[in-house]
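Heads up: the structure comes next, in structure tokens.
The values are calculated or read from the model by the stated rules, or taken from the named source; none is laboratory data. Note that the structure is a prediction, hence the values are computed from the model and not measured. Here the Cβ positions follow ideal geometry from the backbone for every residue, glycine too, while neighbour counts run over all protein chains shown.
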Amino acid sequence: MLPSKFKTQALSLVIASTALCLLAPAAHAYSNEVCNLEPSWFASPVPNPNEGPNSPFAFKDGKDNSSNCDFHQWSWNKFLYLTQSAKAPGGLFMFGEGFWQVDNALKPYFEPWNDLLNPTGLKPTKHLILEDFNQAGRGDPIIYSKYGGKSVYFSIHVNDTFMKSAMAHPTADPKAEFAVGSVEMKVAWIDVEDLQQVYRGVDLSKQFYIRKAVYKTDNKYSDPTDVAMIGMHVVGVVEDHPEFIWATFEHKLTAPDYYKSGMEFQKSEEYLQQDKVVSTSDNYLLYKGGTEVQNAHLSYPATEKHTNSFRLYQYGVPNGYPYTNSADPSLGAPQSQQDRDVENYKNIARLNGEVTTKLAQSNPVWSNYFYAGSVWLSTLGYNFDNGISGDIVGKDRNDKLRGSLAVANMTMETYTQTFSSTTGTNPQIKPENCFACHGTSEDQSTMQVSHIYNNYLQWVKTGQK
């Protein structure tokens, strides 16, 4: 364990760090009848989304006037804000002043100890340091490309607002909340050498965001090497939503969708079919073209050193039986929920189409990434003292869940899209979402939806013994 004085030093660095270098928030409200992009997302600089008391999320006169579209527009705006070009390590705003790379207990990374120019190791790192390669889920899953090689690694980043909120609450006060504007990003990276094995002869710099990183193993650091971003969670707090908006983005070549629609949602009344080929294309990173469902994996195959999987639900919108069978009391969704699913899908599809077209003209590399959905709660009148559940069907269904109710990122939740058995005839699948793992129990703070905050609490508690 690090010496106790580290806590004081880290806290001092946070508090003494430059005031948030966040650009002025967009002044407009998002809500429109049609879910469109905003031209300001492609300005220079890209403005931070409006998240406070004058935002579309804030309750007015005891009413919640926010729309489904508002949350999806926030998600795209926030992603483009964080990934805009800047004079920062890696050339992105999210790696610059006001942001921290942290480990899974919220401890900041400092410059590598074996950096001769920085022998004390107490300078916040400008390197991207990669040491975490386990996904969440049973067995601590590891994923690779479909051809194997080095595992996919993950990095976690938070802004000053998140860090200060956490450090202001070193014990879990049930009424404590992260401040509005707090944001956490989790990013999935793959080694470019392994990417080249999949896409031979392709100029990867035109297809992926690539930057230098160092791998950390047993407190030793590798030489810098090129890694490519393949997925990213953007999780943020807006006014009257202390539970966070849980948005996620992926590269378009990660994996195919099983239940796939076009611009309009196509409801399916079919169960998952074991002999169905998910896609004939062999252009995916995590799926071998021509693989049938029964030969791909939705649960972790611990003995395999390559990945061959697929995405169950496009844009995280649950589909297929038993979910779309509203007459099924245990695993079917009520029709009102399915109607919201249709609107949710349409808004995401429309925004993705518009943003991709615009990015192809202005910032082509980012046009290769797409918004895979987000999930949040309808919080007006919600009693957080009772906890947060991610159940979308059955007797314990949380009827306040909104957005992409089965959202998952193929680079980070490959094997937690469902905890049900997916084998056999007519598998009884229950879709899952972020709150399945990031829920809270009775009398817990909403801050405890964050795993890194929970780990920080344990770290502080251990250090006090």
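Numerical summary
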| quantity | calculated |
| --- | --- |
| Candidates Ser450, Ser445 - the one that is touching a strand residue (DSSP E or B) at 6+ places or on another chain (Cβ under 8 Å), touching a residue at least 24 places away in the same chain (Cβ under 8 Å), buried (at least 20 other Cβ atoms within 10 Å of the Cβ) and of a type in the set (Gly, Ala, Ser) | Ser450 |
| Checking Thr254 against (1) surrounded by fewer than 23 Cβ atoms within 10 Å (Cβ to Cβ); (2) part of a loop (DSSP other than H, G, I, E, B), the condition it does not meet | (1) |
| Whichever residue in segment 289-303 is loosely packed, with under 13 Cβ neighbours inside 10 Å and part of a loop (DSSP other than H, G, I, E, B) and, among such residues, is nearest to the chain's Cα centre (by Cα) | Ala302 |
| Residue, farthest from Gly52 (Cα to Cα), within segment 131-172, restricted to residues that are aromatic (Phe, Trp, Tyr) and crowded, with 19+ Cβ neighbours inside 10 Å | Tyr144 |
| Test result for Asp385, surrounded by fewer than 23 Cβ atoms within 10 Å (Cβ to Cβ), farther than 30 Å from Ser85 by Cα and acidic (Asp, Glu) | yes |
| Residue in segment 46-68 that is closer than 22 Å to Tyr209 by Cα, under 24 Å from the mean Cα position of the chain (by Cα), modelled with pLDDT of 95 or more and part of a helix (DSSP H, G or I) present | no |
| Those residues of segment 49-61 which are free of Cβ contacts under 8 Å to residues at least 60 places away in the same chain and exposed (fewer than 14 other Cβ atoms within 10 Å of the Cβ), in sequence order | Asn54, Lys60, Asp61 |
| Residue in segment 308-315 that is over 30 Å from Ser378 (Cβ atoms) and of a type outside the set (A, V, I, L, M, F, W, C) present | yes |
| Residue count for segment 214-240, restricted to those that are touching a helix residue (DSSP H, G or I) at 6+ places or on another chain (Cβ under 9 Å) and either under 17 Å from Asn368 (Cα atoms) or of a type outside the set (D, E, K, R) (or both) | 11 |
| Test: Ser378 is surrounded by fewer than 19 Cβ atoms within 10 Å (Cβ to Cβ), farther than 23 Å from Glu413 by Cα and not aromatic (Phe, Trp, Tyr) | yes |
| Residue match in segment 449-459 (condition: in a loop (DSSP other than H, G, I, E, B) and at pLDDT below 95) | no |
| Which numbered condition Thr248 fails, given (1) assigned to a strand (DSSP E or B); (2) more than 30 Å from Pro49 (Cα to Cα) | (2) |
| Enumeration of residues in segment 296-341 that are β-branched (Val, Ile, Thr) and within 30 Å of Gly148 (Cβ to Cβ) | Thr303, Thr307 |
